[in-house]
1. Can you tell me which residue among 513, 506 is open to solvent by less than 30 Å² (accessible area, probe 1.4 Å) and out of contact with any strand residue (DSSP E or B) (no Cβ under 6 Å at 6 or more places or on another chain)?
2. Do you know which residues across segment 377-398 are at pLDDT below 95 and not in a loop (DSSP other than H, G, I, E, B)?
3. Report yes if some residue within segment 122-142 is open to solvent by 50 Å² or more (accessible area, probe 1.4 Å), aliphatic (A, V, I, L, M) and under 21 Å from residue 25 (Cβ atoms); otherwise report no.
4. With respect to the numbered conditions (1) open to solvent by 40 Å² or more (accessible area, probe 1.4 Å); (2) in contact with a Phe, Trp or Tyr (Cβ under 7 Å, 6 or more places away or on another chain); (3) part of a loop (DSSP other than H, G, I, E, B), which one is the sole condition not fulfilled by residue 98?
5. Of all strands (runs of 3 or more DSSP E) completely enclosed by segment 101-213, which ones contain at least 3 residues that are under 28 Å from the mean Cα position of the chain (by Cα)?
6. Quick check: anything in segment 385-404 among the acidic types (Asp, Glu), crowded, with 21+ Cβ neighbours inside 10 Å and in contact (Cβ under 8 Å) with a residue 12 or more places away in the chain?
7. Considering only segment 292-307, state which residues are hydrophobic (A, V, I, L, M, F, W, C) and surrounded by fewer than 18 Cβ atoms within 10 Å (Cβ to Cβ).
8. When residues of segment 332-377 are filtered for being at negative phi, among the small types (Gly, Ala, Ser) and touching a residue at least 40 places away in the same chain (Cβ under 8 Å), how many remain?
Amino acid sequence: MLWFIPNMARMRMTCIQVTMGKRVAIVGAGVSGLASIRCCLEVGLEPTCFERSNDIGGLWKFSDRVEEGRASIYRSVFTNSSKEMMCFPDFPYPDDFPNFMHHSKLQEYITAFAKEKNLLKYTQFNTFVTSVEKHPDFSITGQWNVTTEKDGKKESSIFDAVMVCSGHHVYPNLPKESFPGLELFKGKCIHSRDYKEPGAFKGKRVLVIGLGNSGCDIATELSHIAKQVIISSRSGSWVITRDWDNGYPWDMMLVTRFETFLKNNLPTAFSDWWYMKQMNSRFKHENYGLMPLNGTLRKEPVFNDELLACILCGRVSIKPNVKEFTETSAIFEDGAVFEAIDCVIFATGYGYAYPFLDDSIIKSRDNEVTLFKGIFPPQLEKPTLAVIGLVQSLGSAIPTADMQARWAAQIIKGTCTLPSVRDMMNDIDEKMGKKLKWFGKSEAIQTDYIVYLDEIASFIGVKPSIPWLFLTDPKLAVEVFFGPCSPYQYRLVGPGKWPGARNAILTQWDRVLKPTNTRVVGSPQKPCLFSHWLKLLAIPILFIAIFLVLI
């Protein structure tokens, strides 16, 4: 498995022995903040987490009102990642938890994790971080002045390091300037962040702008009570359901080391063809107006189990980008007009901002995010600030944040060091070129899930060796390589090794089947990993056979 880290010898972290305890400020007590607390404790750091609300959970802590400075979700949100793929790597979900969870169920899990790991005592609630500034002798000590506010009173403290875990679903992107005439529109305009439940939209004519996960969720939910719902999409999206082949969770079947190996090593033309074939396996996207303008880009697909049926039944329609608005209507680029609109919902995503931090630290070049491995500002004199949870991938945020936090804690502790500024900047440029190829210009924080986790895991010595596993534990090796790349794999070896990791991997399908097998009609059927492998290779084998016959 050598394809994912160029110049590995040059980039590998060096290790030294440091025993002193350091104080670390952690901003935010969502999943990234909780992972950071736990990882700091694992290496002997002293964390203090500041959370502006009165509870943990971050994005997943539902509130029926929008709160300034906090992520916001709607009441009907379910996870897009399955439970075995989105757990903390040494804390599996209970067997009876559904594979895809309502936000309340995930919040229950997050709370159980925090209590099990005794993380709450390190968290100060109702405390708002107003500024994080370099200490005057930062170039020598790497320390930060952290100013917080609670109950109207401000307090400043000095910390040896800061881990920023405030997420990137807080500041809504509302591109009003992209829609001529919107200032004339007399209906209601909101961002998806402000949407909570469908009741207020009964009998209304609603235009949803954006064909992402939030836009499709909101549109399909509104279609049950609204008079008419139209989704406007600028570039289209791949849409898949949460169940994949034979009803197994999509990510348990698709997010595998073997799939990643093929994707990164097959000829580009074949890899692109196979990817589009997978995305089109359930239905032809062009027949429903959903086809992406560039179908080969590996942007995150939309996960929605209702959209296709809603389009078939006429409850939702898909239209191209809005050309302009009038006082009561929207004119689309194809000339069609949606009249008498009551409300426009902008499901246009979020921008990432850290108002408590000098913008130049995160965006040190051309106003773009410039972070080594999506975590460390490369230009800092001392590597004592880490951003956790900013990257996005076709994988769960929880194991990604856990891996980032483990590495960041090692860097802050001093048991590992970063490369030179020049090497980090070169790596950022190299990775940006690959991102443009795979994900497109607009996806600056997108990354390849398994490649990314493996790269960081290698730096801290926790990446499983597939060849060694095949030699010493073939049964486990087959599950690790051909099966889902579940988080437990990164607790098999090295610092933070979890004794239960092997068993968790070998029993993961039991936990998948437990909540669905509530009416016993036979033995639960686990997937045959090799059948998927044979399907993947069937086409190239056929081409080779034809070629050999013809020559």
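1. On inspection, the qualifying residue turns out to be 513.
2. Once the filter is applied, which keeps residues that are at pLDDT below 95 and not in a loop (DSSP other than H, G, I, E, B), segment 377-398 yields 392, 393, 397.
3. Yes, segment 122-142 contains at least one residue that is open to solvent by 50 Å² or more (accessible area, probe 1.4 Å), aliphatic (A, V, I, L, M) and under 21 Å from residue 25 (Cβ atoms).
4. Checking residue 98 against (1) open to solvent by 40 Å² or more (accessible area, probe 1.4 Å); (2) in contact with a Phe, Trp or Tyr (Cβ under 7 Å, 6 or more places away or on another chain); (3) part of a loop (DSSP other than H, G, I, E, B), the one that fails is (2).
5. Of the strands (runs of 3 or more DSSP E) lying wholly inside segment 101-213, those with at least 3 residues that are under 28 Å from the mean Cα position of the chain (by Cα) span 128-134, 161-164, 188-191, 205-209.
6. So far as segment 385-404 goes, yes, one or more of its residues are among the acidic types (Asp, Glu), crowded, with 21+ Cβ neighbours inside 10 Å and in contact (Cβ under 8 Å) with a residue 12 or more places away in the chain.
7. Within segment 292-307, just 293 meets the criteria.
8. Residues flagged as at negative phi, among the small types (Gly, Ala, Ser) and touching a residue at least 40 places away in the same chain (Cβ under 8 Å) within segment 332-377 amount to 3.
The values are calculated or read from the model by the stated rules, or taken from the named source; none is laboratory data. The structure displayed is predicted, hence computed values, not measured ones. Note that we place each Cβ from the backbone using ideal geometry, even for glycine, and neighbour counts take in every protein chain shown. What goes into the accessible areas is simple: the full protein's heavy atoms, side chains included, and nothing from ligands, DNA or RNA. Shrake-Rupley method; radii C 1.70, N 1.55, O 1.52, S 1.80 Å.
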